[in-house]
Amino acid sequence: MKKSNIVILVVIAVSIAVIVGMVGDFSTYETFATAGKRPGKEYHVIGQLDKTQPMVYDPAKNANYFSFYVKDKKGNIRQVVYHGTEPTDFAKSEQIVLTGSMGSNQVFQCSQILMKCPSKYVPNQTQMNKEIESKM
Amino acid sequence: MKINYIGEHLFPGQLGHFLIILAFIASIVATISYFIATVNKVHENRQSWRKLGRSSFIVQFGATAGILFLLCWILFHHYFEYQYVWEYTSKDLPKEFLFSSIWNGQEGSFLLWSIWDCILGTVLMYTSGRQDKKLAGNGVGWEAPVMTIMSFAQFCLASMLLGIYIFGYKVGSSPFILFREANPTMPVFQNANYLSFITDGRGLNPLLQNYWMVIHPPILFCGFASTIIPFSYAVSGLWTKRYKEWLQPALPWALFSGAVLGTGVVMGGAWAYETLSFGGFWAWDPVEIGAMVPWLLMIGGIHTLMAFKHTGHSLRSTFLFFITSFILVLYATFLTRSGILGDTSVHAFTNLGLSGQLLVFLFVFLIVAFALFIWNYKKIPEVKKEEGMDTREFWMFIGALILFLAGVYALFGASIPVWNKLFHLNMAPPVDQKFHYNKIEIFVGIALALGTAMIQYLKFKKTDAKMFWKKIWKPILVTLIIGTAIAVFGNINYWDHGLGFLIAIYILVYASVFAVVANIMYMFTELKGKMKNAGASIAHFGFGLMLLGIVISTSKQTAISHDMLGLIGNNYFPEGSAEAKHPEENVFLPRNQPMAMGKYTVTYLGDSTAAHDPKTYYKVNYVEKNKEGKVVAHFNMFPDAFVNPQGEEGLIANPDSKHYWNHDVFTYVTSVFDPSKMKDTAQYKSYDLQAGDTIFFADGYMRLNKIITHPVSPNYQPRPGDLAVGAQLEVHNNLGHVFDAMPIYYLRDSTYQNTVADTVRNLALFIRFDKILPEQKKIQLQVKQSGVVNDYIVMKAYVFPFVNLLWLGTIIMVIGFAISIRKRIFQIRKLLKQPSTSNHEEKVPV
């Protein structure tokens, strides 16, 4: 057997092993209900901020506790606790991707928030009108 | 109805549109001319077509430079009638950031890319033209085919700027589009003098208002742009069926590309480290991966090229590396610009609706290049004999293969949104993104470090095993000593991912020390200090340092801010629960209240702003004491933030760091006191008083020194006809501190009564000048002191040890590249100086 063949075989073997491991790493987008089935396991949940419910961040009490409510794609609303500070322009977010796991009392414990604020990069017309008016 | 708008500056835009079309057409002419100059069978015809190709390329260079100049012109003159200007700048933006706003938008970044291609293409035209004159004889040479591909790329880039509709498809997007053209339905454009309403632009994204953003994008785009040259040479080699001859002229360009692209990627890391507050220089973000992988492949290509040059092996893989490197630059551009990364990346880009166009170009380059490669595969010469395991070329190939696989792994993860789209999947990125990549790439790092350490001790074709061990044992010994010293005293205890990963970290420490030591020793023992031949050793030495810096600073990065309040309070969670996993690294820091962090005592001393600077600076004092209580170090840091920028709510924070030779202390604010959100129950109380009177409040008193006319205060802008008085107050607190305050009362247009309150924030004191009581010769002040703590920051602090090794290593690596480029250029020059007994008579391709 030629050495190059051995090298190729080794490469293929390693690649397969790595890719299998890698796909196992990949997470899925879940809802609160499915994340609740395995409490403690981390998932991504996509949802919208429920603006009718209170957002709480009081650093004097706990600087790593930001609580808010999110409505997931199935329409379920859960309390979410993010162990950090309130992200910039959080209230205006249109969609948020939470990374975390379901904790006790159906409170979602979140370690990472990714927000989608299209308005920030693609200004819509009403917003532009408002901005121009504010500078008039 | 047609409205004649007032005050617009239309000429720069019209000229800009014209130049875009000129650049577009000139690049088509250049492509066609150079194409004919390659394929025509008659030498004289080829020469005249080449001349036409050259002049058209120069014309499109001039036009592109003109576009850039005009874009600068409208930006620097604040012509807000242009969408681009309104969107990305504002009047108060400093000059250097006006400059960086050029590449804030997609149109501008394509323009930047195009201008780099123009510059590089012109240099290439000159150098390859000169080489052809000497070496090609009556043959085709390299200028014509290579420039055909370069010109075609310029055609693609110019079309990205067109901004016209063809059969209903939007082709390109012009930076000269007018605001009213882009938003024709906005009611404000019913006014002929709408410009008098638009007095200022939206301003530059605060994250980009940083000096790294002035320098990093041009370098990175130069790197991106330069990858096309090795690509063009490789494709030209396949096209004209000269499979080997392109390597010599392509080599210096490949080295250049490796140096610049590498610098650009690391600079992006430096920007992230200094500006973005994720606390690090690398986050495995898809955008970062997209820039790094082409670099890995370029480096792989350089190594297989060297292997081929000396032994005849690895020619096919050299083709593949250079072709793929450029294709992946296009792919990375598609990833970042199409908006597909929306859910997975912090880098958000506008989707201009050009992703289809980008994909078309990507596939044109991909299909043509790979079709040529497959077509010619059998004809690409290959050495029949296998390379031995003990040869340099074998291990160079293995190294390049590892680079390739490392790139594939990273890119596969970064492309999750693409897989989702293609196969209708619902995959999300790994939950622990950093570890997902680190756990694999750490072994890549180990393998590469060992390779860079040993490769030069191996010989091409055959290595004498005895000699090898005789030479290598000394570096191994030194490595064991230094590595063990680091292991013993370095105190690396990264247990987050278990023992296995910690062991891998230690192996990487040893391996990268080995890379550093072996290459330094090689320079002295083997090269005898002849620096002009030491390019590879120096670059490898720098790479080893980079790896060492990365592994130490990442594994020893420690948060020194720990939220003790949270632990003491009712926030204790049992280990292993969902609630306990999260590091509590935000610390609440009320003003003037010292807090222990690591070996420091940290105190927040207050904030400050300056005129013409939109940022707020937070003064944070660090004191380090030794066991006897003596102060051994004290310094202030000024992390800053844009507070509520551009109508947003919240902070965009920039960290500050204190640099030591062996570590950085790194601080940033994550939240600050927001007066508007404070629920204040305190009530104003009224006081009537005259000059000399005193008012007492909870923890101090204030004295009305005098009442002055024409008061000067930053909070009050006088207008003609105002009748204004100010109450000059001296405020004392119980600790003996003295503050000034001056509330103002004024009559405007002799009817409107106004008052400008003043505050003493340290004392939470609010003072209003309510009215004048002329009969009693007194004034009425209203005073309130709010009860809540009302000045604080929430911050994080980290210590990054030895992050300087990464920056230093990068610089050294680039120096190594520069030395290699110089050497290769000299080799070509030497060839040019030889009497022209060209040993390869050129064939005219069919």
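Each value in this text was obtained by applying a stated rule to the coordinates, not by laboratory testing. Just so you know, these numbers come straight off a predicted model, no measurement behind them. Heads up, the Cβs are rebuilt from the backbone with ideal geometry, glycines too, and the neighbour counts pull from every protein chain shown.
Run down the lysines and flag those whose C-alpha is under 17 Å from the C-alpha of B:K434, throwing out any fewer than 8 positions away in its chain.
Leaving aside lysines fewer than 8 places away in the same chain, those within reach of B:K434 are B:K556, B:K581.
Starting from the range B:584-635, pick out the GluC sites (Glu not before Pro) whose DSSP state is loop and whose Cβ has at most 15 other Cβ atoms within 10 Å.
For GluC sites (Glu not before Pro) across the range B:584-635 that sit outside H, G, I, E and B with at most 15 neighbouring Cβ atoms in 10 Å, the list reads B:E628.
Give the lysines reachable from B:K41 as a straight Cα distance under 17 Å; neighbours fewer than 8 places away on the same chain don't count.
B:K51, B:K241, B:K843
Can you tell me the FRET efficiency between B:A371 and B:N138 if r is taken as the Cβ-Cβ distance and R0 is 30 Å, rounded to the nearest 0.05?
0.55
Can you give me the distance in nm between label points at B:D674 and B:N754, each placed 7 Å from the Cα along the Cα-to-Cβ direction?
Roughly 2.8 nm, to one decimal.
Can you tell me the dipole magnitude for the protein assembly as shown around its Cα centre, using point charges on the Cβ only (Lys, Arg +1; Asp, Glu -1), in Debye to the nearest 20?
Once rounded to the nearest 20, the dipole reads 4020 debye.
Could you work out, residue by residue across A:79-88, how many beta carbons of other chains sit within 10 Å of that residue's beta carbon, and then give the average as an integer?
What the average comes to for A:79-88 is 6.
Simple spin-label model, 7 Å along Cα-to-Cβ: A:V107 to B:T609 in nm?
3.6
How far is helix B:498-525 tilted, in degrees, relative to the longest principal axis of the Cα atoms in chain B, given as a value from 0 to 90 rounded to the nearest 10?
Helix B:498-525 and the main axis of chain B meet at about 60 degrees.
Give, in nm to one decimal, the length gained when the segment between B:K706 and B:L15 is fully stretched (0.36 nm per residue of separation minus the Cα-Cα distance).
So the extension gain works out to 242.6 nm.
How would you classify the range A:28-125 from its alpha-carbon gyration tensor, with a ≥ b ≥ c the square roots of the eigenvalues: rounded for a/c under 1.5, else prolate if a/b is greater than b/c, otherwise oblate?
Oblate.
Before anything else, pin down the relative contact order of the range B:121-179: Cα pairs under 8 Å, at least 6 apart, normalised by residue count, whole percent.
Value for the range B:121-179: 21 percent.
Multiply the residue separation of B:Y126 and B:F501 by 0.36 nm, subtract the distance between their alpha-carbon atoms, and state the gained length in nm to one decimal.
129.8 nm
If R0 is 51 Å, what FRET efficiency do you get for A:V56 and B:L723 from their C-beta distance, rounded to 0.05?
0.60
Could you check the spin-label model distance between B:E730 and B:F99? Points 7 Å from the Cα along Cα→Cβ, value in nm.
5.0
Cross-link partners among aspartates and glutamates for B:K784, C-alpha distance below 19 Å, same-chain residues fewer than 8 apart left out?
Correct list for B:K784: B:D674, B:D680, B:D688, B:D693, B:D699, B:E730, B:D740, B:D758, B:D770.
Could you work out [θ]222 nm for chain B from helices alone, using -39500 (n - 2.57) per DSSP H run of at least four and dividing by all its residues? Round to the nearest 500 deg cm²/dmol.
Mean residue ellipticity, 222 nm, calculated: -17000 deg cm²/dmol.
Mind checking B:588-598 for the average number of partner chain beta-carbons within 10 Å of each residue's beta-carbon?
1
Quick one: of B:K309/B:K823; B:K619/B:K658; B:K244/B:K833, which pairs are farther than 18 Å apart, Cα to Cα?
Pairs exceeding 18 Å: B:K244/B:K833.
Relative contact order of the range A:28-125: what whole-number percent is it, with Cα pairs under 8 angstrom and at least 6 residues apart?
It comes to 28 percent, rounded to a whole number.
Once the dipole of chain B is set up with Lys and Arg at +1 and Asp and Glu at -1 on Cβ about the Cα centre, which of B:L93, B:F397, B:Y618 lies farthest towards its positive end?
Selected residue: B:F397.
Kindly list the residues of the range B:681-722 that lie in the label zone of B:E775, defined by a backbone N under 20 Å from the point 7 Å along the Cα-to-C-beta vector.
B:686-691
Can you give the FRET efficiency to the nearest 0.05 for B:I476 and B:K830, using r as the Cβ-Cβ distance and R₀ = 30 Å?
In this case the efficiency is close to 0.20.
Looking at the square roots a ≥ b ≥ c of the eigenvalues of the Cα gyration tensor of the range B:1-204, which shape do they give, rounded for a/c under 1.5, prolate if a/b is larger than b/c, or oblate?
Here the range B:1-204 falls in the prolate category.
What do you get for chymotrypsin sites (Phe, Trp or Tyr not before Pro) in the range B:165-261 restricted to DSSP loop and a cutoff of at most 10 other Cβ within 10 Å of the site's Cβ?
B:F167
Which loop-located trypsin sites (Lys or Arg not before Pro) does the range B:1-78 contain, where loop means any DSSP state but H, G, I, E or B and the Cβ has at most 10 other Cβ atoms within 10 Å?
Loop-located and lightly packed - B:K2, B:K41.
Suppose the chain between B:K462 and B:K528 were pulled fully straight at 0.36 nm per residue; how much longer would it get relative to their current alpha carbon spacing?
21.5 nm
May I ask for the distance between the Cα centers of the range B:392-410 and the range B:158-235, given as a whole number of Å?
38
Taking every DSSP beta bridge with both residues inside the protein assembly as shown, roughly what % is antiparallel (nearest 5)?
Roughly 95 percent of the DSSP beta bridges within the protein assembly as shown come out antiparallel.
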